[in-house]
């Protein structure tokens, strides 16, 4: 834990997240909805432990200035996650009486007065901390490095097999010989290959190229001062040694990702109450099957004919194309930005924004959580449409979208991150997450 220090521990935060995630299953429905956000935060914390903490080549085990800056930023994000988890844990302990069948009147009164407000703010803090931590990990490019590293490892393994096959002591496959005969398993002769000739030719060509370069340089300097030294030619290119990044597969993280994807996909579809079974088309051999109960085989009923769903879909598509020539765009498109404003001792810096790429369902849910938290608790952390940062972002995005015919951006939800005093305390940065929707 040398990079994080004594303030916070990754293992401690991860243990608290696991415990809280298990406790949320037995909690009331309003608190159980926050289990999904704790699940996603646990995945991020598992990635930190497997890719950064236990990796000897990560910035956690380095002492450069860039590594120290990244360690400080990671410590701030972990502190925000730990604070959000502690607040959620305190809320669960506060409303512990909801587990029983007979809820006390005092607990009902407290829930009606401040319970909903507290759960909404806790969910907003969880979403904020998880989004900021995920954005920080995305800026490091760990997922891209992991993919590149795995591909390089596969290439190196295949090259090793190829070198072992083409070694002087390697044998040819069964049924083939060095002389072209069959039935023997002799070693391959180096003299019968073109490797030696190719090496000799390449050395001769390299020598001729060097001689030609020297001749041209001397000819270009002819007529000038012969005592003047000519500059040295281009140096030899040094080989680059590949350093292993130290990534290792994490079974626990893969298990969490699988369960998270399964929870998102396991949304039960509502079935109609009086649903009748769909009639099936009789077999083509219906008329040729004997009927042992009847004296004479009566003609069977005609086959059930129904229009296919694909035909109905094609009919709707053709009707839509006949009505309009251009395809219609989605009615709503969500996007998220992080806005930062620096406070210097004399003045404030201009706001800067960075986009966070997320799925449309995640962004819509995030913005709705921010709106619900602002409705029940209009504190200083809630963002509104009249905020200067929101107006700056809307003005910039609508100015770029004018004339493109894609609609205008509108404010959907936002929340202010806690003020970051910085490492020295001279410059403080106030950050906020803003979710916009284009209609």
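Summary of values
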| item | result |
| --- | --- |
| Ascending count of other beta-carbon atoms within 10 Å, so fewest first, for 352, 397 | 352, 397 |
| Calculated diffusion of the stretch 333-438, Stokes-Einstein form, Kirkwood radius summed over Cα pairs, 4 °C and 1.567 mPa s, µm²/s | 89 µm²/s |
| Fewest-first sequence of 392, 370 by Cβ atoms within 10 Å of each Cβ | 392, 370 |
| Euclidean distance between Cα centres, the stretch 37-92 to the stretch 373-412, Å | 30 Å |
| Neighbour-count order for 69, 64, fewest beta carbons within 10 angstrom listed first | 64, 69 |
| Where labels lie 7 Å past Cα in the beta-carbon direction, separation of residue 164 and residue 376 in nm | 6.2 nm |
| Difference of contour (0.36 nm per residue) and Cα-Cα distance, residue 428 to residue 208 | 72.9 nm |
| Nearest-0.05 FRET efficiency for residue 196 and residue 398, computed from C-beta distance (R0 56 Å) | 0.20 |
| The stretch 333-438: relative contact order in percent, alpha carbon pairs under 8 Å with at least 6 residues between | 37 percent |
| Förster radius 51 Å - calculated FRET efficiency between residue 333 and residue 94, Cβ distance, rounded to 0.05 | 0.85 |
| Protection proxy ranking of 429-436, 209-216, 359-366 - average other beta-carbon atoms within 10 Å, highest first | 429-436, 359-366, 209-216 |
| Distance in nm between pseudo-label sites at residue 386 and residue 257 (7 Å out along the Cβ direction from Cα) | 4.6 nm |
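We did not get these values from a lab; they are worked out from the coordinates using the rules stated. Predicted model only: the values in this text are computed from it and were never measured. Please note: Cβ atoms are built from the backbone with ideal geometry, for glycine as well, and neighbour counts cover all protein chains shown.
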